[in-house]
Amino acid sequence: MSSLFDCRDESQLLPGLREARRAIARGDLVVLPTDTVYGIAADAFNAEAVQNLLDTKGRGRQSPPPVLVPGVNTLRALAAEIPEPVERLIEEFWPGGLTIVLPAQPSLSWDLGETHGTVAVRMPANRFALELLEDTGPLAVSSANLTGMSASVLIDEAQQYLGDAVSVYLDGGPSDTGISSTIVDATTLVGGETPIVRVLREGAITRDQLREVLGDLLEPDPGAESDHTAQPGADAEPSTDAEPGAEPEPAVGGEDAVSSDGRA
């Protein structure tokens with residue numbers, strides 16, 4: 001049977017984080033609040049736990065979950081390289097609603113699915129999520145819903161979707177924004193012939209905000225160049241069937257950058 005803790009109640013916060021940490025260590029699933037939507041989380045380095053997350057949501061390995069981290073130091077351990085323009089993005093928008101796709105460290109002993117050697121990483125701007133991440137390390141996190149359904153902005157919605165498949169639910173109240181993170185593909189900044197940052201999904205961070213930081217390194221806006229084509233190494237295209245209110249996630253490094261359901 002699942003446990004529910006209201007993290008807004010200080011008397012429940014520490015016991016809730018403790019139980020969530022234990023659940024993650026056992027390979028169980030946890031639902032946690034973020035600044036975007038509620039997420040379902042698993043130990044990123046436990047392949048069985050990650051597969052359980054995908055199975056619980058009804059997702060395939062072709063749509064691997066992104067990874068939430070507690071800070072930049074963890075990103076440095078996961079990404080093969082962090083180019084200077086990405087450093088600028090992190091300084092401006094982290095913690096917050098920006099997910100960045102980069103080449104992964106080849107030595108990482110994990111299995112998130114068909115990542116094609118990349119990883120999508122975000123640092124959430126939520127106190128409870130960050131406290132849990134500090135205890136557990138990086139977590140594979142997808143939106144707390146079933147595939148094809150709207151993302152959860154309330155803990156009750158997550159419970160209705162996932163039930164006892166999740167061991168611990170952490171209630172942080174209504175999601176701060178309910179707006180999905182923006183996903184950018186920065187893989188071609190690492191050894192690409194034509195370095196460019198592509199927007200795989202628009203969300204909490206606008207293209208104008210990104211351009212203020214990146215300048216000409218950001219791809220042209222849609223319609224700005226009718227003959228604009230994908231750059232080498234950036235083969236992910238956004239899906240056209242993403243539903244309103246959901247936060248779709250990138251099939252990291254795959255053919256479809258955005259699937260039809262959400263992620264925190």
Residue list for region 157-187, restricted to those being in contact (Cβ under 8 Å) with a residue 24 or more places away in the chain, part of a helix (DSSP H, G or I) and surrounded by fewer than 22 Cβ atoms within 10 Å (Cβ to Cβ): E157, Q159, L162, G163, D164, A165
Would you mind stating whether T182 is under 15 Å from the mean Cα position of the chain (by Cα) and over 27 Å from R21 (Cα atoms)? yes
Under the condition of being charged (D, E, K, R) and not in a loop (DSSP other than H, G, I, E, B), which residue from region 70-98 is nearest to G117 (Cα to Cα)? R76
Scanning region 195-209 for residues that are among the charged types (D, E, K, R), farther than 17 Å from P124 by Cα and not in a strand (DSSP E or B), which turns out least open to solvent (accessible area, probe 1.4 Å)? R207
I'd like the full set of residues that are within 20 Å of A120 (Cβ to Cβ), surrounded by fewer than 23 Cβ atoms within 10 Å (Cβ to Cβ) and small (G, A, S), limited to region 133-156. G137
Could you tell me whether region 49-62 includes any residue that is closer than 30 Å to V213 by Cα and in contact with a Leu (Cβ under 9 Å, 6 or more places away or on another chain)? no
Would you be able to tell me the number of residues in region 33-66 that are at pLDDT below 95 and of a type in the set (D, E)? 1
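Residues checked against (1) crowded, with 16+ Cβ neighbours inside 10 Å; (2) out of contact with any Pro (no Cβ under 9 Å at 6 or more places or on another chain):
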| position | (1), (2) |
| --- | --- |
| E84 | no, yes |
| E87 | no, yes |
| I90 | yes, yes |
| F93 | yes, yes |
| T99 | yes, no |
| L102 | yes, no |
| S109 | no, yes |
| G113 | yes, no |
| T118 | yes, no |
In this structure, does D35 turn out to be open to solvent by 20 Å² or more (accessible area, probe 1.4 Å), out of contact with any His (no Cβ under 8 Å at 6 or more places or on another chain) and touching a residue at least 60 places away in the same chain (Cβ under 8 Å)? no
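The values are calculated or read from the model by the stated rules, or taken from the named source; none is laboratory data. All of these numbers come straight from a predicted model, not from anything done at the bench. Reconstructed Cβ throughout: ideal geometry from the backbone, glycine too, with neighbour counts over all protein chains shown. Accessible surface is based on the protein model in full, side chains and every heavy atom, while ligands, DNA and RNA are left aside. Shrake-Rupley method; radii C 1.70, N 1.55, O 1.52, S 1.80 Å.
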